[in-house]
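The values are calculated or read from the model by the stated rules, or taken from the named source; none is laboratory data. Just so it is clear, the model here is predicted, and its values are computed rather than measured. Note that we place each Cβ from the backbone using ideal geometry, even for glycine, and neighbour counts take in every protein chain shown.
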Amino acid sequence: MATNAATAHRGGWLARERTVADPGFNRWLVPPAALCVHLCIGEVYAFSVFNKPLSLLNGTVGPDGAVVPAANDWSIASLGWIFSIAILFLGLAAAFGGTWVEKVGPRKTMAAAAALLGGGFLVASLGVAWHQLWLVYLGYGVLGGCGLGLGYISPVKTLMSWFPDKPGMATGMAIMGFGGGAFIASPLSVWLMGIGGVAFAFVVLGIVYFVYMMVGATIVRVPPKGWLPQGYVAPTKSRGLVTTANVHVDEALKTRQFWLLWGVLFLNVTAGIGVLGQASLMSQEMFPGLITAGAAAGFVGLLSLFNMGGRFFWASTSDYIGRKNTYMIFFALGIILYALVPTTGQMGSIVLFVLFYGIILSMYGGGFATIPAYLKDVFGNQYVGAIHGRLLTAWSAAGIVGPSLVNYIRDYQINSGVPKADAYTVTMYIMAGLLAVGFVLNFLMTPVNERHHLEADAAPSRA
């Protein structure tokens, strides 16, 4: 006890020891703490609302009254890299920071994430004010991306430790905030840009998100060692893909199961993130004259609701039907919907377009919320936080591949004379093909060989 007290004193308020819950702590206070962080970092899904304004910073009004970009304005393709860089560094920070998170605990990690994301917005605002794209890449992409990664993984293991009886539901409650963040950020960003422009919006968002994320860091607690919820009986035997053993994070990387799940996440994310990053522009170009910039912002917000709801719905459902079966549904249904999206544009049916994309984004979000519990099933709970961080490098890779497919194929199609409304058809069919590969990888999942397991620990005690 004296050692813990001394450690807590040296580490101050941020020390892991200061976050250990007192007896009688209500575990249901932890999901709101995680939501405080995930609602803020989920702003990245609304970044597409900045793309068009950023491409017209020096624009002039043309003869028809529309604003046209100046010669030195940034292209949509170059702006698409802001989102991709942010997702790249999200995955890198999660991968390399996962072990650090296990060591220092969720509070210090959340505080670091708040500083990185808030500071990143401020640096990006300077890039906008000085019209230096590299500063936007550095601020929002690199610094902000690292904040996204640390913030994303900060509560995952803590939640599953508090809710071993419903790990899918627990992570779904928090991670749904990441999907729902855009529902707040999209209209808020448009409103702030209307008041003072993009740079002003970045400054305000950076300050607000820093404060709100620190609220989450203040609330969060970790359970005492060996704690189990009242009435919960931990399983004593492995069943199917669900193991009672633990696999070390370094050993997990030597298993085929880790790389199968890496491929599963990569393909599911690639298909969703490409269209999500350009959702605002895509909707306006596929339905010209029918969807305005304001309506497109609303569409992005609506997609975030599906993204958010899907995270909770699918992750909770996976507690009953299993993680592997849940992913089978994602891939099988996703193939059909992606293949049908171009038809909705040709029909001019905004309703079907929104409905199909809503379902697609629910499964995209559901994949993120289900994967931590999938990892816990396959590799055990002891190192799941660090393993989850390593697996999120698949998100980084998808953050490069997905938007690049959408942006550059779109540009190639338009430059080849294809109307803007039809410029996304080929991309949608490619995404459907990627999901078919993901279906096969998920089908191949089997339990981890016992040679990778750690020696069994003593059974945990109840608190």
Inset, instruction - Having 1 or more residues that are under 20 Å from the mean Cα position of the chain (by Cα) and free of Cβ contacts under 8 Å to residues at least 40 places away in the same chain is the bar; report the helices (runs of 4 or more DSSP H) wholly within region 201-298 that clear it. - result: 256-277
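Grab the helices (runs of 4 or more DSSP H) fully contained in region 1-82, keeping just those with 3 or more residues being modelled with pLDDT under 90.
Hits in region 1-82: 2-11, 48-54.
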Inset, instruction - Please go through region 129-159 and pick out each residue that is out of contact with any strand residue (DSSP E or B) (no Cβ under 7 Å at 6 or more places or on another chain) and either hydroxyl-bearing (Ser, Thr, Tyr) or at pLDDT below 90 (or both). - result: 137, 140, 152, 154, 156, 157
Legend entry - Selected residue (only one of 80, 105, 91 is touching a Pro at 6+ places or on another chain (Cβ under 8 Å) and either in contact (Cβ under 8 Å) with a residue 40 or more places away in the chain or hydroxyl-bearing (Ser, Thr, Tyr) (or both)): 80
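Residue-wise test of (1) outside any helix (DSSP H, G or I); (2) surrounded by 15 or more Cβ atoms within 10 Å (Cβ to Cβ); (3) of a type in the set (D, E, K, R); (4) touching a residue at least 12 places away in the same chain (Cβ under 8 Å).
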position: 396; (1), (2), (3), (4): no, yes, no, yes
position: 408; (1), (2), (3), (4): no, no, no, yes
position: 428; (1), (2), (3), (4): no, yes, no, yes
position: 440; (1), (2), (3), (4): no, no, no, no
position: 445; (1), (2), (3), (4): yes, yes, no, yes
Inset, instruction - For region 312-320, state whether one or more residues are without any contact (Cβ under 8 Å) to a residue 40 or more places away in the chain and either in contact with a strand residue (DSSP E or B) (Cβ under 7 Å, 6 or more places away or on another chain) or of a type outside the set (Ser, Thr, Tyr) (or both). - result: no
Legend entry - region 105-118 - residue that is of a type in the set (A, V, I, L, M) and over 12 Å from residue 153 (Cβ atoms) and, of those, surrounded by the fewest Cβ atoms within 10 Å (Cβ to Cβ): 115
Inset, instruction - Report those helices (runs of 4 or more DSSP H) wholly inside region 131-181 carrying at least 1 residues which are over 27 Å from residue 234 (Cα atoms). - result: 133-136, 144-153
Legend entry - region 162-192, subset polar (S, T, N, Q) and modelled with pLDDT under 90, residue surrounded by the most Cβ atoms within 10 Å (Cβ to Cβ): 171
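Residue by residue, here is whether (1) among the basic types (Lys, Arg); (2) within 21 Å of residue 266 (Cβ to Cβ); (3) surrounded by fewer than 24 Cβ atoms within 10 Å (Cβ to Cβ) holds:
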| position | (1), (2), (3) |
| --- | --- |
| 296 | no, no, yes |
| 302 | no, no, yes |
| 308 | no, no, no |
| 311 | yes, yes, no |
| 321 | no, no, yes |
| 336 | no, yes, yes |
| 348 | no, no, yes |
Legend entry - Hey, residue 377 under 30 Å from residue 158 (Cβ atoms) and acidic (Asp, Glu) or not: yes
Inset, instruction - Go through region 352-388 and give me each residue that's assigned to a helix (DSSP H, G or I), touching a Leu at 6+ places or on another chain (Cβ under 9 Å) and closer than 18 Å to residue 260 by Cα. - result: 364, 367, 368, 371, 372, 374, 375, 377, 378, 384, 387, 388
Inset, instruction - Would you confirm whether any residue within region 417-436 is at pLDDT 90 or above, in contact with a Leu (Cβ under 6 Å, 6 or more places away or on another chain) and more than 23 Å from residue 101 (Cα to Cα)? - result: yes
Inset, instruction - Count, please, the residues in region 307-326 that happen to be in a helix (DSSP H, G or I) and over 24 Å from residue 182 (Cα atoms). - result: 8
Inset, instruction - Could you figure out which of (1) touching a helix residue (DSSP H, G or I) at 6+ places or on another chain (Cβ under 7 Å); (2) assigned to a helix (DSSP H, G or I) isn't true of residue 100? - result: (1)
